[in-house]
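So the structure is just underneath, and the comments pick up after that.
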């Protein structure tokens, strides 16, 4: 029996109802290419190969990568031993899907890697920490940098919640499925994402402060300058970052002086 490695955040899921639900969320067609990240023992893989045209399983653990073809013998399964954060997603066909039970520690970096890729997935069905799933799908009032960064690219929806005891070994917290569907077209035209997220991260730099204070500190400007910026954007400086929508952040971004204007 393969022992899960704590260092890689491995927690096996072998619950039939949960695995079936995750697969159903992905709405896999016989023409689809599915990328599975961290397949582990192959419990989810066995469902994916039965429905997709091609399943590419990326596994960092050398022992698990070598064993997976034997555990899930299928002609449409390709196992690659690699670090997903270093994997070239442009090698995949367009409109591929991602279905995965991912290690908690990997979530934020993985979502950024996938979302900002030149060849992003059309759909992602991910099993993540419950708290993280809720942050990803949050609405104004409970927003976070993670929520903004994912929702800029994807429509986010919560799926089923899975209690910790369904996993081996049980993690310390419950998990939840999140379903991410790529926007059919960009939310904002000609967005400089580096500048956009500079504003967002500045706003969230001091969550307890009102927006004028956090932007002042995060952008290195005076509170008067922050107030003028927010007034031009039509956003109240008395709000806090978690209360803003993506549209509010975009208005602030548009009001930020361009380098040539300073």
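Of note:
- Residue selected from segment 97-112 under the condition over 10 Å from the mean Cα position of the chain (by Cα) and part of a helix (DSSP H, G or I), by the criterion surrounded by the fewest Cβ atoms within 10 Å (Cβ to Cβ): 105
- Checking each residue in segment 18-59 for being in a loop (DSSP other than H, G, I, E, B) and under 12 Å from residue 76 (Cα atoms) picks out 30, 31, 32, 49, 50, 51, 52, 53.
- Segment 143-161: number of residues that are more than 27 Å from residue 171 (Cα to Cα) and without any contact (Cβ under 8 Å) to a residue 40 or more places away in the chain: 3
- In segment 75-82, the count of residues that are exposed (fewer than 15 other Cβ atoms within 10 Å of the Cβ), out of contact with any helix residue (DSSP H, G or I) (no Cβ under 8 Å at 6 or more places or on another chain) and at pLDDT below 95 is zero.
- Put simply, of 212, 198, 207 the only residue that is outside the structural domain of residue 25 (by TED's automatic domain parsing), surrounded by fewer than 19 Cβ atoms within 10 Å (Cβ to Cβ) and not in a loop (DSSP other than H, G, I, E, B) is 198.
Every residue, every condition in (1) within 23 Å of residue 46 (Cα to Cα); (2) not in a strand (DSSP E or B); (3) not assigned by TED's automatic domain parsing to the domain that holds residue 35, yes or no:
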| site | (1), (2), (3) |
| --- | --- |
| 95 | yes, yes, no |
| 114 | no, yes, no |
| 132 | no, yes, no |
| 139 | no, yes, no |
| 148 | no, yes, no |
| 155 | no, no, no |
| 202 | no, yes, yes |
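- Flag for residue 232 being modelled with pLDDT under 95, in contact with a helix residue (DSSP H, G or I) (Cβ under 7 Å, 6 or more places away or on another chain) and either in a helix (DSSP H, G or I) or not assigned by TED's automatic domain parsing to the domain that holds residue 95 (or both): no
- In this structure, residue 178 qualifies as touching a strand residue (DSSP E or B) at 6+ places or on another chain (Cβ under 7 Å) and buried (at least 19 other Cβ atoms within 10 Å of the Cβ).
- Matching option when the condition is within 17 Å of residue 193 (Cβ to Cβ) and either surrounded by 16 or more Cβ atoms within 10 Å (Cβ to Cβ) or in contact with a strand residue (DSSP E or B) (Cβ under 7 Å, 6 or more places away or on another chain) (or both), among 239, 256, 230: 256
- No other residue among 84, 80 is more than 22 Å from residue 167 (Cβ to Cβ) and touching a strand residue (DSSP E or B) at 6+ places or on another chain (Cβ under 7 Å) apart from 80.
The values are calculated or read from the model by the stated rules, or taken from the named source; none is laboratory data. Owing to the predicted nature of the structure, the values given are computational and were not obtained by experimental measurement. Positions of Cβ are backbone-derived with ideal geometry, glycine not excepted, and every protein chain shown enters the neighbour counts.
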